[in-house]
Amino acid sequence: MKLGVVGLPNVGKSTLFNAITQAGAECANYPFCTIEPNVGVVAVPDDRLDKLAALYDSKKVTPAVLEFVDIAGLVKGASQGEGLGNKFLSHIREVDAIVHVVRCFADGNITHVSGDVNPQNDIETIDYELIFADIETITKRLARVKNQAKSGDKKLLPEIECLERVQKELEAGKPVREQAIAAEEQGFLYDMFLLTAKPVIYVANIGESDIGRPDNQYVQAVKAIAAKEGAEVIVLSAKVEEELAALSPEEHAVFAEEYGIKESGLSLLITVGYRTLGLISYLTAGEKETRAWTITKGTKAPQAAGKIHTDFEKGFIRAEIVNYQDLLDCGSLNAAKEKGLVRSEGKDYVMQDGDVVLFRFNM
């Protein structure tokens, strides 16, 4: 999973990125401090892995990973090349979901690119730039397909109809993710990597003094916009998260308790990111390695096996599966088998979060 951290300049993108990756991206009080995207790969915290590793006496533990990309601040006119618009747009096409950081604090010492703090205007600025970029992409594709259709190929008509409808809705200000795209039409849009087709997670970046208090007017505005879109909102202080991330685990626990922070920004983003993208993890365990594998909800056993190696999917025979908690409660795989808790599943089995699996396959 790759998440792109975006927002206007000086809203706290790089500060949040530092907090969740501890990668040390430069932060400064001027626009376009982030020019090339900073990339950080972080382990997905999963206490199930350590418990399984202890059960199997595993030599190695490999968690699932999450990639964060800190993308340059976007300004009005980016779709026409203003600021670092073209760089921004090329980088954002590569991510699976957008983490949109919105400034929700007032501080006269930190410059706001448009002069005042206004979450609705900030969100609209970025939304419109992404929409304008998608309109340009669709217009180019539409012109090419219409030119091909001049030969009389009626097979292209459904694609033309789809592109024209999507273009019209974009021009009305409606992102692709909010449009009704039929399953048979998805293929027409797939390879265009439309920016507004990507799901969005909003991060309301509050000041230190607002931690633990009722939502301020800025946060309320972000939540109202997200509710209309069916998107999720995470409320945190990027500055405090960055400070906490630099502490030892013991110090972190003490100061987090003082602030009343029950869950880190990274954990919140992982939880919401998995939910937004419809992801789950299954587990494999043994003496050599205990590992988490990320798959999409609804993935069947052979395709899940293919995440480990393509040969596993091609030669799939069956999957021997036990629920993580059942295995832990029993204390060993043999004990779980004796209680009938280890199942043999075939090609139509849909994987569940927390399945501990041994794949059987034929080379």
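When only C-alpha pairs under 8 Å and at least 6 residues apart count, what is the relative contact order of the chain, in percent?
Taking the mean separation of contacting Cα pairs over the length of the chain, I get 19 percent.
Just want to confirm a number: the relative contact order over the range 210-363, from Cα pairs under 8 angstrom separated by 6+ residues, in percent. Don't skip to the end; give the middle numbers.
Numbers: 184 pairs, mean separation 33.0, N = 154.
Reported relative contact order: 21 percent.
Seen from all sides and averaged, what is the projected area of the convex hull of the Cα atoms in the range 261-312, in nm²? Write out the running numbers ahead of the final one.
Values: hull surface 20.0 nm².
Average projection, Cα convex hull of the range 261-312: 5.0 nm².
Estimate the FRET efficiency between Asn334 and Asp47 by the formula 1/(1 + (r/R0)^6), using the beta-carbon distance for r and 35 Å for R0, to the nearest 0.05. All intermediate terms of the calculation are to be shown ahead of the outcome.
On the way: r = 24 Å, r/R0 = 0.67.
My answer for the efficiency is 0.90.
Between Thr310, Thr137, Thr296, where does the largest GNM mean-square fluctuation fall for the chain, given springs only between Cα atoms within less than 10 Å?
Thr310
Let's see if you can work this out: charge +1 on each Lys and Arg Cβ, -1 on each Asp and Glu Cβ, no other charges. What is the dipole magnitude of the range 150-272 about its Cα centre, in debye to the nearest 20?
Numbers: 13 positive and 23 negative charges, 146 e Å.
For this selection, approximately 700 debye.
Which of rounded, prolate, oblate describes the range 196-277, given a ≥ b ≥ c as roots of the alpha-carbon gyration tensor eigenvalues and a/c under 1.5 marking rounded, otherwise prolate only if a/b is larger than b/c?
On the way: a/c = 2.79, a/b = 1.54, b/c = 1.80.
Oblate is the answer for the range 196-277, as a/c is 1.5 or above yet b/c matches or exceeds a/b.
At 10 °C and 1.306 mPa s, grab the translational diffusion coefficient of the chain from Stokes-Einstein with a Kirkwood Rh over Cα pairs, rounded to a whole number in µm² per second. Walk me through the intermediate numbers first.
Working: Rh = 22.9 Å.
The calculation lands on 69 µm²/s.
If you take every residue apart from Ile225 with its C-beta less than 11 Å away from the C-beta of Ile225, what net charge results, scoring Lys and Arg +1 and Asp and Glu -1? List each step's numbers first, then the result.
Working: positive: Lys223, Lys228; negative: Asp122, Glu124, Asp127, Glu229.
That sum, taken over residues with Cβ under 11 Å, equals -2.
How big is the convex hull of the Cα atoms of the range 106-265, per residue, in Å³? If you can, show how the numbers build up before the last one.
Values: hull volume 24.0 nm³, N = 160.
In the range 106-265, the Cα hull volume divided by residue count equals 150 Å³.
If you average over every viewing direction, what projected area does the convex hull of the Cα atoms of the range 153-247 give, in nm²? Walk me through the numbers on the way to the answer.
Working: hull surface 35.4 nm².
One quarter of the hull surface, i.e. the mean projection, equals 8.8 nm².
Give me D for the range 221-363 in µm² s⁻¹, whole number, from Stokes-Einstein with Rh from the Kirkwood sum over alpha-carbon pairs, 10 °C and 1.306 mPa s.
Values: Rh = 18.1 Å.
Reported coefficient: 88 µm²/s.
Report, in debye and to the nearest 20, how large the dipole of the chain comes out about its Cα centre when Lys and Arg carry +1 and Asp and Glu carry -1 on their Cβ. Walk me through the numbers before you get to the answer.
On the way: 40 positive and 54 negative charges, 307 e Å.
Roughly 1480 debye for the chain.
Please work out the FRET efficiency for the pair Glu229 and Asp153, using the Cβ-Cβ distance as r and a Förster radius of 30 Å; give the result to the nearest 0.05.
On the way: r = 37 Å, r/R0 = 1.24.
Efficiency for this residue pair is about 0.20.
So for each of 94-103, 56-65 I average, over its residues, the number of other beta carbons within 10 Å; can you give me the resulting order with the highest mean first? Don't skip to the answer; put the middle values down first.
Working: 94-103: 22.6, 56-65: 15.0.
Final packing ranking: 94-103, 56-65.
Just so you know, all these numbers are worked out from the coordinates, no wet-lab data involved. On a predicted model such as this, the values are computed, not experimentally measured, just so you know. No Cβ is skipped: glycine too gets one built from the backbone with ideal geometry, and neighbour counts run over all protein chains shown.
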